[in-house]
1. Give me the aspartates and glutamates in straight-line cross-link reach of residue 233: C-alpha distance below 13 Å, same-chain residues under 8 apart excluded.
2. Can you list the residues of the range 161-183 with backbone N under 17 Å from a point 7 Å past the Cα of residue 243, pointing along Cα to Cβ?
3. Using a cut-off of 12 Å between beta-carbons, work out the net charge of the residues near residue 155 (Lys and Arg +1, Asp and Glu -1, residue 155 not included).
Amino acid sequence: MGNFLLLCNESSWSMSKICLYGWRQLAKKNTTLFANAKAPWSFNDTGPFVQEARQYFHMISWEFRYWANLGQTNWHHPDLVSVAIMRHPLERFMAGGRCGAFKGKLPADFVDDPGLSDVYWEYANAACADNYTLKVFTGSSGCCNGADTDVKYLDEAKHQLDQFTIIMDQDCLTESIYALFDLLHLNTTEALQKKAKSVHEHKPVRERIGNDTLYEYLEHHFRRDIELYEYAKSKSILDCSTLNSRAYF
């Protein structure tokens, strides 16, 4: 692999296998340099951290669940290749990880049961789920407010996305990873090939939710997050809609 560090920022609750090593593992490698360091790195720390991290890892990943202040990092450092992995907000809403107090409380698909229906509506309005990715990428704290989220946060998030070297759509993650390797003139490793496999594809989110009222509410409530995802798709390394098959990690 080339003499650069590949840094992946996760915008989903399911970690990508391409980002093999986490920040905590890196901190253990050099307790002097990284003892008090936190992700995201500051502008001045980016260079030294990239050089030190590259001694141990080819790739590391960051995952954020709330406002991250990503703007402080030097994303244009010449030895840093940054990747933002994006996911449709409603796909993420239905993902197994959930968030906050809703972890483990909801089945994989919506169940039209009075008790669970109430929990789904609570989840839809939970602060932790509110325009989740937008909240991570926006340039200032204070986001978000459901459908009434100020458009300035969307503009800030788009600007931050534009600082990344590569944007990937999780809808075709495996294919995007191979495209990234091709772009960087890297060999596809045997280990990566072994991890790629076809898995069960979920039904469309509207079918999984099975409740038009809730689905349409979510579309409106998370509209700024969806707008950000659509913007990311237009910048993605691959247009997933042009692919005939899917193979996920």
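Every number in this text was worked out from the coordinates using simple rules, so none of it is lab data. Just so you know, these numbers come straight off a predicted model, no measurement behind them. Cβ sites come from the backbone with ideal geometry, for glycine too, and all protein chains shown count toward neighbours.
1. Partners found: 162, 169, 171, 225.
2. 166-183
3. Working: positive: 152, 158, 224; negative: 150, 156, 162, 227.
So the surrounding residues net to -1.
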